[in-house]
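Below is one structure, written out as structure tokens; the observations come after it.
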Amino acid sequence: MFLVVFFAVLSCEEDVRFNNPSFQGMKNNVFWRAVQAKATLASDGSVLIEAYTGTEVMSLKMTSTTTQKYPLGSSNSKTAVYVVNQGNSEIKYTTGIDIGNGEIIITEYDSENNTISGTFKFNAENVDDNSPADPVLNFQQGVFYKVPVSVLVP
């Protein structure tokens with residue numbers, strides 16, 4: 001009887017984890033999560049969010065911290081860049097003027113606690129025409145949550 005009660009209590013345990021900060025999304029329909037993320041606020045008001053795994057770096061660049069939608073594929077001041085290092089080489093995907101498409105939406109900029117949150121989705125193009133890698137990288141359902149923001153000192 002003791003074992004039944006023990007396993008009944010054990011099976012009711014909840015394992016709740018909070019990802020604060022968090023940066024994740026669906027990369028080519030496969031779940032992707034950064035192990036570290038940070039944001040930098042430049043003196044001109046632009047913000048750069050960088051997310052890292054062991055071999056990958058994703059950068060989201062916007063012109064301000066204003067809570068709004070930032071379209072991708074129409075300028076070089078609002079971009080998404082994804083780089084994967086493969087030993088002695090790297091594969092780089094990017095958006096820019098007439099390159100790729102998508103959007104970054106800032107849902108909250110907390111200037112008191114210096115954090116930024118929002119969503120993103122994009123199609124970025126492989127910048128190396130001779131690369132055997134896929135020509136387009138797709139990210140959907142991207143979320144960055146309470147990423148710490150530091151101010152870049154000029």
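Throughout, read-outs are computed from the coordinates displayed, never taken from laboratory work. Bear in mind that the values here come from a model prediction, so they are computed numbers and not experimental data. Here the Cβ is made from the backbone with ideal geometry for all residues, glycine too, and neighbour counts use every protein chain on show.
General observations
- Unique residue being within 14 Å of Ser46 (Cα to Cα) and not aliphatic (A, V, I, L, M) when the list is Ser89, Ser64: Ser64
Let's see how each residue does on (1) under 15 Å from Val151 (Cα atoms); (2) of a type in the set (D, E, K, R):
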{"residue": "Ala39", "(1), (2)": "yes, no"}
{"residue": "Leu48", "(1), (2)": "yes, no"}
{"residue": "Glu56", "(1), (2)": "no, yes"}
{"residue": "Gly87", "(1), (2)": "no, no"}
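- Any chance Glu56 is in contact with a strand residue (DSSP E or B) (Cβ under 8 Å, 6 or more places away or on another chain) and free of Cβ contacts under 8 Å to residues at least 12 places away in the same chain: no
- Test: residue in segment 117-140 that is closer than 26 Å to Val153 by Cα, touching a residue at least 24 places away in the same chain (Cβ under 8 Å), out of contact with any Lys or Arg (no Cβ under 8 Å at 6 or more places or on another chain) and not hydrophobic (A, V, I, L, M, F, W, C): yes
- Strands (runs of 3 or more DSSP E) lying entirely in segment 66-154 (those with 3 or more residues that are aliphatic (A, V, I, L, M) and under 18 Å from Gln24 (Cβ atoms)): 79-86, 101-110, 136-151
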